[in-house]
Amino acid sequence: MSDNELLYEVRDSVGWVTLNRPQARNALTFAMYEGLAEICRSVPTDGSVKCLVVMGAGEKAFAAGTDMTQFRGFSSEQDALDYEHKMDVVLGSVEACPLPIIAAISGACTGGGAGIAAACDIRIATADLKFGFPIARTLGNCLSIANLSRLSELMGAGRVKDVIFTARLVGADEAKSAGLISEIIEDYAALVARAGQLAETLKNHAPITLGTTKEALRRLRTEGAAADDRDLVLQAYMSEDFKEGMEAFLGKRKPEWKGR
């Protein structure tokens, strides 16, 4: 990976991740995928970083999928299995990141880029959003069950089939009505500003509440309603933050969250 294909900067306790190949509509190399996964796996939980924002460089695309030149070396069954396993690990790392992640989406968000966005926690997008997996008319490959499960949770299995079978791209209005995105933003500059505002909101809320909710929902999707959540309940209720929140509420003051 070129040193500047994936940018990461922490500003005011918000980690900004930029997919930075605008000349290729931010198409992702394998190294970019792994770099994103490593950021999500290694992000500090000591309060120095409180949330992440993932976005693409430029107005045209969040990410237009995997750089197709990456597939030219495929020659065996193992290559195919290894690729989908790699994608599952990367997207799983994004979904399991202990911090909340905002996907700020402008323009094209397709293939692996759409998979990354789906693994984030909050998605906002510009009015020119084009979201989907047009693989039935392009590569002729498929998505893993883990990827399909995540998408079905967001969009419903029927809509996922419709989008993949017809190879159409979902626009902003449909994405919002389906619950795929929470807000439609006028343009790229406003998108960046709104992402910053949302990050400011999240970083001032109880980090244990955000983290346990995120992990509980991940377990609910992957393990079902019988998933064990006792560790999450204890993490929240036995925390200093819970005591602080209770006393602050009763004392009619703003709580000071410590994340422990």
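The values are calculated or read from the model by the stated rules, or taken from the named source; none is laboratory data. As the structure is a prediction and not an experimental result, all values here were calculated from the model. So basically every Cβ, Gly included, is an ideal-geometry build from the backbone, and we count neighbours across all protein chains shown.
A few points about this structure:
- Residue check for residue 124: touching a Ser or Thr at 6+ places or on another chain (Cβ under 7 Å), surrounded by 17 or more Cβ atoms within 10 Å (Cβ to Cβ) and either farther than 29 Å from residue 82 by Cβ or of a type in the set (S, T, N, Q) (or both): yes
- The C-beta contact set for the range 87-100 (first residue of a type in the set (D, E, K, R), second residue buried (at least 21 other Cβ atoms within 10 Å of the Cβ) and in a helix (DSSP H, G or I), distance under 8 angstrom, 6+ apart or interchain) comprises 88/147; 95/119; 95/150.
- Filter pass, residue 53 being crowded, with 23+ Cβ neighbours inside 10 Å, touching a residue at least 24 places away in the same chain (Cβ under 8 Å) and among the β-branched types (Val, Ile, Thr): yes
- Qualifying residue in the range 96-110 (condition: part of a helix (DSSP H, G or I), within 23 Å of residue 170 (Cα to Cα) and within 13 Å of the chain's Cα centre (by Cα)): no
- Residues that are closer than 20 Å to residue 119 by Cβ, in contact (Cβ under 8 Å) with a residue 60 or more places away in the chain and surrounded by 23 or more Cβ atoms within 10 Å (Cβ to Cβ) do occur in the range 42-50, at least one of them.
- Listed conditions (1) modelled with pLDDT of 95 or more; (2) surrounded by fewer than 18 Cβ atoms within 10 Å (Cβ to Cβ); (3) more than 30 Å from residue 189 (Cα to Cα); (4) not charged (D, E, K, R) are all met by residue 164, apart from (2).
Every residue, every condition in (1) touching a strand residue (DSSP E or B) at 6+ places or on another chain (Cβ under 6 Å); (2) over 30 Å from residue 206 (Cα atoms); (3) in a strand (DSSP E or B), yes or no:
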position	(1), (2), (3)
73	no, yes, no
84	no, yes, no
113	yes, no, no
131	yes, yes, yes
146	no, no, no
164	no, yes, no
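- Which listed residue, of 93, 75, is farther than 21 Å from residue 215 by Cα, in the same structural domain as residue 169 (by TED's automatic domain parsing) and of a type in the set (S, T, N, Q): 75
- Only one entry of 74, 62 meets the criterion of being surrounded by fewer than 14 Cβ atoms within 10 Å (Cβ to Cβ) and under 22 Å from residue 138 (Cα atoms), and that entry is 74.
- Listing of helices (runs of 4 or more DSSP H) fully contained in the range 196-260 that carry 1 or more residues being modelled with pLDDT of 95 or more, more than 22 Å from residue 149 (Cβ to Cβ) and of a type in the set (S, T, N, Q): 207-223, 230-237
- Among the residues making up the range 95-106, a single one is among the small types (Gly, Ala, Ser) and surrounded by fewer than 24 Cβ atoms within 10 Å (Cβ to Cβ): 96.
- Filtered residues of the range 147-167 (kept if in contact (Cβ under 8 Å) with a residue 60 or more places away in the chain and over 18 Å from the mean Cα position of the chain (by Cα)): none
- The residue list 47, 65, 58 contains one member that is modelled with pLDDT under 95, on the phi > 0 side of the Ramachandran plot and within 16 Å of the chain's Cα centre (by Cα), which is 65.
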